[in-house]
Structures are given as C-alpha cells and as structure tokens.
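Each value in this text was obtained by applying a stated rule to the coordinates, not by laboratory testing. If you're wondering where the values come from, they're calculated on a predicted model, not measured in any experiment. Positions of Cβ are generated from backbone atoms using ideal geometry, with glycine treated the same way; all protein chains shown enter the neighbour counts.
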Amino acid sequence: MAAPKPAFQRILLKLSGESLLGKLANGIDVATARTIAQEIKDVHALGVEIAIMMGGGNIIRGQRVTSEGLERVAADQMGLLATVMNGIALQDALEKLGVVTRHMSAVEIKAIAEPFIRRRAIRHLEKGRVVIFTAGLGSPYFTTDTAAALRALEIKAQVILKATKVDGVYTADPMTDPGAKRFAKIRCIDVLKRGLKVMDATAISLCKDNDLPIIVFNLRKRGNIKRAVLGEDIGTRVY
Ligand code: UDP
C-alpha cells in the first residue's frame with residue numbers, strides 16, 4: 001500500500017511548555033518528552049519539514065511572576081530561558097530516536113543553540129532537519145504563540161499546528177463547561193470577536209492578515225500530530 005500523502009510539506013508545530021509536564025506540576029517529564037518526540041519522528045518519516053516553537057509555561061510564565069512583584073522584563077527574560085531548557089529536552093529526546101535536529105534560539109546563547117537566522121533555518125528544513133525554535137522572539141511582552149505565528153510566516157510554513165490539551169476550539173472552556181461545543185472550523189476574525197482562547201490576539205491577527213491557517217488539536221491523543229498533517233478532520237481549523 002502506498003504511504004499516505006501529507007496535506008502539508010512544511011509545518012510549524014507550537015508546543016506549549018505544559019505539553020512537557022506529563023503528570024508533574026512543574027518542570028519537564030522526560031518520558032512525556034520522549035512520547036512527543038516519537039510522534040514528531042512519525043511525521044518526519046512522511047517527509048514533512050518540521051519546525052517547532054517551544055513554550056515555557058511549565059517552568060515560568062512572565063505574567064505570573066510579575067504579579068508576584070518581579071519586574072515584567074526580568075520575568076519575561078526568565079520565561080525566555082525556560083523555553084530554551086524545554087528545547088534542550090526535546091532536542092535530546094528527538095536525537096535519541098535518531099532524528100537530526102537543530103536548536104535555534106532568538107536570544108544568543110551560542111554554547112547551547114544556534115542564533116535564529118531565517119535563511120539558515122529554511123536550509124535546515126530543506127535538509128530534513130527538525131528545527132526547534134526557542135526564546136520566542138527574544139523580546140519581553142510577547143508570547144511563544146506570537147513567535148510561532150511570526151516564525152511560521154518567515155519560514156513559509158503552510159500551517160501552524162497548535163497542540164493543546166483539548167480537542168480544538170470550543171464555545172466555552174470544555175474543562176469547566178460541559179455544554180461547550182467544538183467548532184470544526186472558525187475564522188480568525190470570529191476568534192478575535194468572541195475572545196476565544198486559541199492563541200493570543202497578536203498571533204491570531206498575524207495569521208489573519210497573512211492567510212496562515214492554524215489547526216488546533218489535542219496532543220494528548222496519540223497519533224494526532226500525524227492525523228493533522230495527513231489532513232484528517234480533527235480539532236478545529238482556524239482560517
Ligand atoms: N516570552 C517572552 N517573549 C517571547 C516569548 C515568550 O518574553 O517572545 C516569555 C513570557 O514571559 C512567557 C514565557 O516566555 O510567559 C513562556 O512562554 P509562553 O507563556 O508563551 O509559553 P507556553 O504558554 O507556550 O508554555
């Protein structure tokens with residue numbers, strides 16, 4: 001039987017820091033990183049070019065520490081470094097599975113990661129390397145969602161796959177409201193108008209203005225990254 005044909009040739013996968021938590025309250029669960037790495041490997045085996053934007057919320061979120069009294073810029077810098085730690089963990093997990101990777105940080109940290117250089121990132125992808133982006137955009141007051149949208153545009157990814165812990169975008173929070181209904185698809189503008197929590201408004205606006213679709217899907221179901229890449233009808237398509 002012929003191998004299934006992916007719907008996208010180049011993707012940007014947005015992984016929140018939370019995706020690495022597993023059963024932990026904080027930090028990195030190595031077994032969970034390994035599971036995600038295996039899923040990424042399965043997609044890579046389809047010949048898809050994969051860039052990943054790594055979040056850091058499992059370790060620190062700037063806004064939270066600011067509310068406890070730390071200066072916002074300092075807090076965000078800590079958040080940026082948290083994403084680098086996650087990137088190291090994911091890189092290790094992928095390389096243990098034999099996947100060739102490159103880690104690119106938006107903050108110069110040369111002993112650990114390459115600096116982000118757009119053309120070099122594209123070259124890595126063309127050579128079949130999985131590229132892990134960390135340190136968001138390297139500036140405070142942003143999120144890794146916005147960084148995901150910007151980098152996806154820069155590298156000409158065809159889609160952002162936004163991994164979450166629910167099955168897509170709902171009318172309300174499905175964790176707290178049993179009556180919440182999932183959208184099969186929804187326009188960016190309606191996400192903004194309804195104030196739905198998909199990605200932050202800056203990220204959604206960037207996607208809207210540049211016709212970049214987002215697929216919001218549940219990472220906790222095994223095989224879902226591959227299903228999304230194969231164009232199966234999972235999650236919510238934001239367009
Ligand atoms: N952050 C930042 N600039 C960026 C991206 C991230 O200052 O371009 C900081 C910010 O403090 C944020 C933290 O890094 O709270 C972790 O990123 P994020 O909250 O987006 O991670 P996720 O929610 O995806 O785990």
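Points to keep in mind about this one:
- With both labels modelled 7 Å from their Cα along Cα-to-Cβ, the Asp211 to Asp173 distance reads 3.7 nm.
- Taking every Cα-Cα distance in the chain and sorting them into 10 Å bins from zero, the calculated P(r) comes out as 8, 33, 40, 17, 2, 0 percent.
- Amide proton proximity set for Arg102, modelled H, under 5 Å, gap of 5+: Val130, Val131, Ile132
- When the listed pairs Lys165/Lys197; Lys96/Lys165; Lys110/Lys162; Lys14/Lys156; Lys197/Lys226 are checked against a 18 Å cut-off, the alpha-carbon distance exceeds it for Lys96/Lys165; Lys110/Lys162; Lys197/Lys226.
- At full extension, Ala201 and Arg123 could sit 25.1 nm farther apart than now, given 0.36 nm per residue minus the alpha carbon distance.
- Among residues other than Arg187 with Cβ under 12 Å from its Cβ, the summed charge is +3 (Lys and Arg +1, Asp and Glu -1).
- Inter-part distance where segment 168-230 and segment 69-90 are each reduced to a Cα centre, Å: 25 Å
- Within a Gaussian network of the chain (alpha carbon springs, distance under 10 Å), most fluctuating of Glu126, Glu68, Glu95: Glu68
- Förster radius 30 Å - calculated FRET efficiency between Ala2 and Arg220 (Cβ-Cβ, nearest 0.05): 0.50
- Filtered trypsin sites (Lys or Arg not before Pro), segment 1-110: DSSP coil and at most 11 other beta carbons within 10 Å: Lys23, Lys110
- Cut-off 15 Å between beta-carbons: net charge of the residues surrounding Thr35, Lys and Arg +1, Asp and Glu -1: +4
- Computed from the Cβ-Cβ distance with R0 of 35 Å, the FRET efficiency linking Val100 to Leu24 stands at 0.80.
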